[in-house]
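Engineer: Here it is, the structure in full.
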Amino acid sequence: MELPTPGRDRGPAGALRLAPSVLSADFGMLAQEVAEVEPFADWLHVDVMDGHFVPNVTIGPPVVASLRRHTSLFFDCHLMMTEPHRYLEAFADAGADGCTVHVEVGGTDELIEQMRALGLRAGLALNPDTPFDAVEPYLHAIDLVLCMTVFPGFGGQDFIWEVMPKVTQVRAAVAARGLDVDVEVDGGIDTITAPVAASAGANVFVAGSAIFGHERPWESADAIRAAVRASAEAGPPRR
Ligand code: DX5
Ligand code: ZN
């Protein structure tokens with residue numbers, strides 16, 4: 001039986017969203033791990049790796065469908081796949097709310113169209129060395145830009161600070177055009193780097209090891225949110 005889904009939060013775009021990444025959770029106890037952080041999370045980030053686009057292999061639609069029965073969190077599925085078009089429908093059927101595909105794989109117009117037709121929130125991801133120009137033509141057609149702050153494939157890597165100017169470029173373009181587009185960062189996000197990314201223009205923060213790598217993951221999630229809020233209250237960084 002499908003759970004009621006009042007908590008499946010689709011917006012508003014631009015608001016602070018904390019998205020724990022299950023990649024760093026204990027896969028043998030996924031439902032329990034997710035239940036622990038659910039009150040402190042806005043979205044659940046689900047990393048899908050195909051062994052081609054990235055060297056690692058993780059989870060697919062059956063696991064998403066199983067998790068769907070245990071939580072009403074918005075599922076933010078990050079598809080690190082060379083052929084996402086083959087799986088988008090299966091993810092939508094499994095209960096994904098948003099899917100994000102990488103611009104590097106090409107066929108972006110068709111992928112956006114497919115995500116829209118499936119009723120998914122549509123995201124485009126950029127690797128750290130992919131320039132803003134690669135996503136610029138699609139901004140009007142999508143709901144989210146994911147700026148990777150590590151090279152995709154594994155949790156627990158160091159945040160790449162050099163991505164911050166691109167985050168600012170994306171945010172500025174979204175604001176200049178008056179678009180409802182979220183700007184998400186993913187990789188190496190913790191209480192130190194999340195406020196930096198927020199100042200650069202990010203509003204969705206994915207964190208794996210900084211949350212699930214700790215004994216009380218809910219406290220870690222809360223600490224990241226508090227760090228972002230505190231930096232917002234303190235205003236823009238002094239130059
Ligand atoms: C990396 C994944 C990330 C990963 C982040 O390829 O896309 O979502 O879970 O992990 P941390 O937060 O540990 O860098
Ligand atoms: Zn991810």
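Engineer: Apply the Karplus curve 6.51 cos²θ - 1.76 cosθ + 1.60, θ = phi - 60°, to the phi angles in the stretch 74-84 and return the couplings in whole Hz, x for Gly and Pro.
Structural biologist: After applying 6.51 cos²θ - 1.76 cosθ + 1.60, I find 5, 9, 9, 8, 9, 8, 8, 9, 7, 10, x Hz.
Engineer: Turning to a different aspect of this structure: Can you compute the modelled spin-label distance between HIS70 and ASP93, with each label point 7 Å from Cα toward Cβ, in nm?
Structural biologist: 2.3
Engineer: I need the phi-derived Karplus couplings for the stretch 28-42: 6.51 cos²θ - 1.76 cosθ + 1.60, θ = phi - 60°, integer Hz, Gly and Pro marked x.
Structural biologist: Rounded to whole hertz, the list is x, 9, 4, 4, 5, 4, 5, 4, 5, 8, 3, x, 10, 10, 9.
Engineer: Probe radius 1.4 Å, ligands and nucleic acids ignored: give me the carbon and sulfur share of the accessible area of the chain as a rounded percent.
Structural biologist: 52
Engineer: If one computes the Cα centroid of the stretch 135-194 and of the stretch 103-128, what distance in Å separates the two points?
Structural biologist: Rounded to whole Å, the Cα centres lie 15 Å apart.
Engineer: Using only DSSP helix segments of four residues or longer, with each worth -39500 (n - 2.57), what per-residue ellipticity at 222 nm results for the chain after dividing by its residue count and rounding to 500?
Structural biologist: Details: 8 runs with 76 residues, N = 239.
Helix-only estimate at 222 nm: -9000 deg cm²/dmol.
Engineer: Between ASP180 and ASP158, what FRET efficiency comes out of the Förster formula 1/(1 + (r/R0)^6) with R0 = 41 Å and r the beta carbon distance, rounded to 0.05? Before the final figure, lay out each step's value.
Structural biologist: Details: r = 32 Å, r/R0 = 0.77.
Calculated transfer efficiency: 0.80.
Engineer: In Å², and per residue, what accessible area does the stretch 103-239 have when probed at 1.4 Å with the other protein chains present?
Structural biologist: On the way: 6260 Å² over 137 residues.
So the stretch 103-239 comes to 46 Å² accessible per residue, rounded to a whole number.
Engineer: Run the quick spin-label model on ALA234 and ASP109: label points 7 Å from Cα toward the beta carbon, then report their separation in nm to one decimal.
Structural biologist: In this crude spin-label approximation the distance works out to 4.6 nm.
Engineer: Label points 7 Å out from Cα along the Cβ direction at ILE192 and VAL63: separation in nm?
Structural biologist: So the label points at ILE192 and VAL63 sit 2.9 nm apart.
The values are calculated or read from the model by the stated rules, or taken from the named source; none is laboratory data. Here the structure is a predicted model, which means the values were calculated and not measured. A quick note on method: Cβ atoms are made from the backbone with ideal geometry, for glycine too, and the neighbour counts reach across all protein chains shown. Keep in mind that these areas ignore ligands, DNA and RNA; they rest on the heavy atoms of the full protein, side chains included. Shrake-Rupley method; radii C 1.70, N 1.55, O 1.52, S 1.80 Å.
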